[in-house]
Amino acid sequence: MAGKQIPGSEDIYLFHEGTSYHSYRLFGAHAEKRGKTTAVRFTVWAPHAREVRVVGDFNEWNGENHRMETVSESGGIWTLAVPGLAEGSLYKYEIHTPDGRIILKADPYAVYSELRPETASRFYNLDGYKWGDQNWRRRRARKPVYDQPLNIYEVHLGTWKKKSREEDELLTYRELADELVDYVLEMGYTHIELLPLAEHPFDRSWGYQATGYYSVTSRFGEPKDFMYFVDRCHQAGIGVIMDWVPGHFCKDAHGLRQFDGQPLYEPDQTHLAEKPEWGTLAFDFNKPEVHSFLISNAMFWMDKYHIDGIRVDAVASMLYLNFGKPQSMWVTNEHGGDENPAAIGFLKKLNTAVFGSYPNALMMAEDSTDWPQVTSPVDAGGLGFNYKWNMGWMNDMLKYMKMDPIHRKHHHNLITFSFMYAFNENFVLPLSHDEVVHGKRSILHKMPGDYWQKFANTRVLYGYMSGHPGKKLLFMGGEFAQFDEWKDLEDLDWFLLDYELHGKMQTYVRALNRFYQEQPALWQNDHGHDGFRWISPDDSSQSIVAFIRKGKKPKDDLIVVCNFTPVVHPDYRIGVPEPGTYAEIFNSDDEAYGGSGQANRQSLESEAVPLHGFDYSLSLHVPPLAAVYLKRSQVERTSRRKGKSKDAK
């Protein structure tokens, strides 16, 4: 006979207050000892329900003997303990509404679900996995994220690689833990960012329309298999970020929509609830219980799966009440504005809670607006994220790169404007999945010119991106210049690596990623003016820019020169801050990368010829459609220091 377990009054209070940041410990299905037996306690929030029963394969989907009971003064929290339930058992909540309907709902707090297209929740015990990432977590706790390299490989697990295209057979979490992690490590990335893995019914939503926020998708295996994947990443020195969607959820019948027969997780008013652009529903950020549900969810992925951070999707749609809505649905807040105060308050509370437990977590906002202080602390008036995707840089750069180089001189501001605001926020430079799907074409296919020039344009884009202040992100396939845009039902076109220029592009990206990690100037001072100095921002007639990236030590400083036309400049002069000998240490036009092989093979000596605001300058060979990195010789610096020391004596 089923029994009941009464949740504690403090847990209930915090949940309704909106500050239960581990509410997943209270709600959902949990195994607990009851004397010599084990029972599974089910707890659900359904304040509008007349009755709630637990149904599943253990009672032939008949809940007559498994009626839940409300906890007194709990605000609609129902609970029931069922003894002898086997792990993997299927279940749903049978909700009887006040108007006489009976609806079946998956558990909002379920940690495991049936494989789509089936929709039931599964009882699963997350305890017992033996983690081996203690060293990673200790290192992460010691190191601030800001002055470390951060180079992200964005991945959709279902289409990175498949066992078989013909049978549409997916790799499992454990198989990906070997193949994908080894590949990411070999390619020189520091982090993997995963498109959302919360359970979702429709493959082509890519996980951005979820039904099971606590349920890691069963497409690739069980929850402990995903733990193994994250563990393997960490043991290899790779961080894991996951996309997360608190802005809206899908309308599927078994999900959160009208969960207890009436709007619960969504607002009561249709014009506030509907997201017509996506056919989804907004969360009601005026309900503190929704805060508890979502903030606990972010904490859950970090607590249980050791995720290093989350990228919050579609922040703009949360900040503004009328985002993506026709004018007929527009509303204003109490001050007459378009801002959504409840969502803004939620984001601040979210970041405060996460950083309270995980000070070095990555909390990234995908925000396409100019909202101020996205990455400023909450107590300083900011939203509290520590990173924001630089969508302005991405849009300007892709617009510029699509142009025929002959026209680029008229739009030079597109490659220089981002430096006007590069340090207003802590930015990530994203070339993400959104830019290579739905007819937008792949990065390579966006590029003008003949076959060789398309690859050269792609190389200079990546080379410029590595030199530009801000952390980096590239979507899978971009590293070997996939020609077709992302086909979200097929895996990547790995056969392209058999073709010379695609193979050399992969070699280039691998070398560039490793170069990035090896050069502190490219990441130590990413977020402040002291990490950057212009040399030549205004050579629009030749579409060339030159600038300095500065590390914490002067010996690490780099000069970056990027030529965005196919014209070779054999004697191009730039100002330099110090006299001495400079050497080319990286060149995207190297033949090994598919380039023409034009390089500065000899040392470059500065001359006392003032230029670009400096007392010295040097002349270098600038290859076509290329990024070149120079560094002042350490031997020269050492000898000058010794000379000064001797003179002083």
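Data for the structure
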{"read-out": "Qualifying trypsin sites (Lys or Arg not before Pro) for the stretch 420-461 [loop in DSSP, other Cβ within 10 Å: at most 10]", "value": "none"}
{"read-out": "Shape metrics for the stretch 396-649, restricted to C-alpha atoms - Rg then Dmax, Å", "value": "18.7, 72"}
{"read-out": "Virtual spin-label span in nm between ASP99 and ALA380, 7 Å along Cα→Cβ", "value": "5.1 nm"}
{"read-out": "Taking the C-alpha atoms of the stretch 292-335, convex hull volume expressed per residue in Å³", "value": "106 Å³"}
{"read-out": "Global geometry of the stretch 323-418, whether rounded, prolate or oblate, following the gyration tensor of its Cα atoms and the 1.5 cut on a/c", "value": "oblate"}
{"read-out": "Charge dipole (debye, nearest 20) of the stretch 411-490; +1 at Cβ of Lys and Arg, -1 at Cβ of Asp and Glu", "value": "240 debye"}
{"read-out": "LEU362 long-range amide H proximity, modeled H, under 5 Å", "value": "GLY309, ILE310"}
{"read-out": "Cα point-scatterer Debye curve for the stretch 429-561, base-10 log of I(q)/I(0) at q = 0.10, 0.14 Å⁻¹", "value": "-0.38, -0.71"}
{"read-out": "Lys pairs, the stretch 409-483 - Cα-Cα below 20 angstrom, 8 or more residues apart or on other chains", "value": "5"}
{"read-out": "Where the Cα pairs of the stretch 256-351 fall when distances are cut into 10 Å bins, in %", "value": "15, 45, 32, 8, 1"}
{"read-out": "Rounded tilt (10° steps) of 223-235 against the dominant C-alpha axis of the chain", "value": "20 degrees"}
{"read-out": "Cα point-scatterer Debye curve for the stretch 9-122, base-10 log of I(q)/I(0) at q = 0.22 Å⁻¹", "value": "-1.34"}
{"read-out": "Cleavage-rule hits, chymotrypsin sites (Phe, Trp or Tyr not before Pro), the stretch 345-452, DSSP coil, Cβ neighbours within 10 Å at most 15", "value": "TYR421"}
{"read-out": "Share of Cα-Cα pairs in the chain lying beyond 48 Å, as whole percent", "value": "21 percent"}
{"read-out": "Antiparallel bridge percentage (DSSP; both residues within the chain; nearest 5)", "value": "70 percent"}
{"read-out": "Sparse-neighbourhood loop sites, GluC sites (Glu not before Pro) in the stretch 1-106 - DSSP loop, at most 16 other Cβ within 10 angstrom", "value": "GLU60, GLU64, GLU73, GLU87"}
{"read-out": "Backbone HN-Hα couplings from phi across the stretch 29-37 [Karplus 6.51/-1.76/1.60, Hz, Gly and Pro as x]", "value": "10, 10, 6, 8, 6, 10, x, 8, 10"}
{"read-out": "Lys, Arg +1 and Asp, Glu -1 on Cβ, resulting dipole of the stretch 396-649 about Cα centre, debye, nearest 20", "value": "1200 debye"}
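Only the coordinates and a few stated rules stand behind these numbers; no lab work does. On a predicted model such as this, the values are computed, not experimentally measured, just so you know. Glycine also receives a Cβ, built like all others from the backbone with ideal geometry; neighbour counts cover every protein chain displayed.
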